[in-house]
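Input: a single structure, listed below in structure tokens.
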Amino acid sequence: MRKHFAQFVMIILILIIFAIPVHAHKMLIDPIEEGKIQVVYEDGSHSNRTIVYAYDDEGNEVANGSLDENGYFYYEPNEATFFVADDGIGHRTEWRVGEEILVKSDPHRWITVGIVVAIFISIAVFFSYRSKRKAARA
């Protein structure tokens with residue numbers, strides 16, 4: 001009975017993990033005009049939790065703040081030349097005025113996913129080994 005319960009719990013946990021939809025998409029900085037950028041995901045949506053940091057040529061932070069309701073961030077065009085946008089959940093992008101847009105994702109997200117998968121595989125191997133050991137005794 002206990003063996004079946006452990007297997008049932010393991011199956012439920014695996015189904016829950018794989019049933020959760022994953023929406024991996026890139027975050028982009030779209031320069032609209034001088035003094036105005038828009039930070040959006042590939043699908044055109046934006047996140048209210050995104051924070052934008054603006055820096056000058058020397059690397060000094062000259063502004064920071066959230067996006068407005070349309071995903072725009074406003075800045076002083078003569079001051080800011082480098083921008084970093086981070087939504088706090090793994091999407092991050094950087095852009096320097098006049099350069100091609102760079103897209104970066106937080107590698108920690110993949111490390112976390114790998115650790116969770118390794119834990120579940122370890123649990124499955126443990127229960128499998130334990131079941132075979134009990135069967136060998138009987």
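The values are calculated or read from the model by the stated rules, or taken from the named source; none is laboratory data. Because the structure is a prediction, the values reported are computed rather than measured. Using ideal geometry, Cβ is built from the backbone for each residue, glycine included, and neighbour counts are taken over all protein chains shown.
Here are a few things to note about the model shown:
Table: residues versus (1) among the acidic types (Asp, Glu); (2) farther than 17 Å from SER47 by Cβ; (3) surrounded by 19 or more Cβ atoms within 10 Å (Cβ to Cβ).
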| site | (1), (2), (3) |
| --- | --- |
| GLU69 | yes, no, no |
| TYR72 | no, no, no |
| GLU76 | yes, yes, no |
| GLU79 | yes, yes, no |
| PHE83 | no, no, yes |
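Residues are listed down the side, and each one gets a yes or a no for (1) surrounded by 13 or more Cβ atoms within 10 Å (Cβ to Cβ); (2) within 24 Å of the chain's Cα centre (by Cα); (3) modelled with pLDDT of 75 or more:
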{"residue": "GLY88", "(1), (2), (3)": "no, yes, yes"}
{"residue": "THR93", "(1), (2), (3)": "yes, yes, yes"}
{"residue": "ILE101", "(1), (2), (3)": "yes, yes, no"}
{"residue": "LYS104", "(1), (2), (3)": "yes, yes, no"}
{"residue": "PRO107", "(1), (2), (3)": "no, yes, no"}
{"residue": "VAL117", "(1), (2), (3)": "no, yes, yes"}
{"residue": "ALA124", "(1), (2), (3)": "yes, no, yes"}
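- So TYR55, is it surrounded by 14 or more Cβ atoms within 10 Å (Cβ to Cβ), of a type outside the set (Asp, Glu), modelled with pLDDT under 95 and over 30 Å from MET10 (Cβ atoms): no
- Some residue of the range 11-26 being surrounded by 10 or more Cβ atoms within 10 Å (Cβ to Cβ), outside any helix (DSSP H, G or I) and either at pLDDT 70 or above or not hydrophobic (A, V, I, L, M, F, W, C) (or both): yes
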